[in-house]
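Below is one structure, written out as structure tokens, with a few remarks after it.
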Amino acid sequence: MRRNWSISEVEATVEDYFDMLRRELTKEDLDKAAHWRALMKRLDNRSRGAIQRKYQNISAILIQMGIPFIDGYKPLSNYQRSMPDVVCEYLRKNPALQDLFRADSDGAPEIPSVDDWLSAMEKPPSLEETGQSVGSKEPAINNPAGVNYLEREARNQALGAAGEEFIINYERARLIQAGREPLADRIEHVSETRGPSAGYDILSYDTDGRDRFIEAKTTKYGKDTPFYITRNELEFSEKNSSQYYLYRLFGFRAKPRMFALHGHLQGQCSLEPSLFIARIS
């Protein structure tokens, strides 16, 4: 039978999590195993698995707040009721963290060097794997500072441009490997040549010569970081579903990885409205 965690145990776990997150964002040495072992001594006979699930709970809460989370601790919902309050209280008492989050979301690393461009692609997560369903929505939890840093990072134009260049390099490698170098030479950086109204960022090609419309979404954070799409992008994915690909590039800080969603995004993602148009009449 599972025992409820005391407030002091939750507070100790939240404190330890934020220490790891700070180290990760400032590129300090981080030994996650050493952290959970040290934390275990402060808790009431908790197992490694129980501690790691609590870390994952904190990741889920931070994503809902729009705050970066530790890469490797996959968000896990169904946390105990007191956890969001403890996280919020820690953030209130440590306002310097907000400066760190702001600087990190506004920064843009250079395009990381990669030995094998094609190895960056992996299988996309399913809605079942993420524990989401189409139209599902977690209760809102707000960052005490009132800032959504994940949304702020998504608007980081320098980061977006660097991610698009990475994906262009990937596409060139894919076509060259298939023996279609002339097609690789025709790849167009549409977001620069035509602007955002096009509905996609990169014009590439399938190996049979058909157009491949690619929307690029880049984050320095983990695979489970939500991304933002516009109405124009969503409608374009529907109208051009057979040729549309969204490339989600993540972990761009050091070890970039990505997955591709092919076709209309409705049904492949859990979509939540984040902006409404209001009219008086």
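Scoring PHE252 on the criteria (1) over 24 Å from ILE67 (Cα atoms); (2) touching a Lys or Arg at 6+ places or on another chain (Cβ under 7 Å) leaves a single failure, condition (1).
When segment 238-281 is filtered for residues that are in contact with a His (Cβ under 6 Å, 6 or more places away or on another chain) and closer than 30 Å to GLY72 by Cβ, only TYR245 remains.
Quickly run through segment 197-220 and pick out the residues that are of a type in the set (Val, Ile, Thr), surrounded by 14 or more Cβ atoms within 10 Å (Cβ to Cβ) and free of Cβ contacts under 8 Å to residues at least 60 places away in the same chain. Selection gives ILE202, ILE214, THR218.
Summed over segment 47-72, residues that are farther than 21 Å from ASN4 by Cα and part of a loop (DSSP other than H, G, I, E, B) total 7. Cβ-Cβ distances below 7 Å connect the following pairs, each with a first residue in segment 177-196 that is part of a helix (DSSP H, G or I), a second residue that is among the aromatic types (Phe, Trp, Tyr) and at pLDDT 95 or above, and a separation of six or more residues or different chains: LEU183/TYR205; VAL190/TYR200.
Scanning segment 16-41 for residues that are touching a residue at least 60 places away in the same chain (Cβ under 8 Å) and more than 28 Å from PRO109 (Cβ to Cβ) yields nothing.
The values are calculated or read from the model by the stated rules, or taken from the named source; none is laboratory data. These numbers were taken from a predicted model, which means no experiment stands behind them. So basically every Cβ, Gly included, is an ideal-geometry build from the backbone, and we count neighbours across all protein chains shown.
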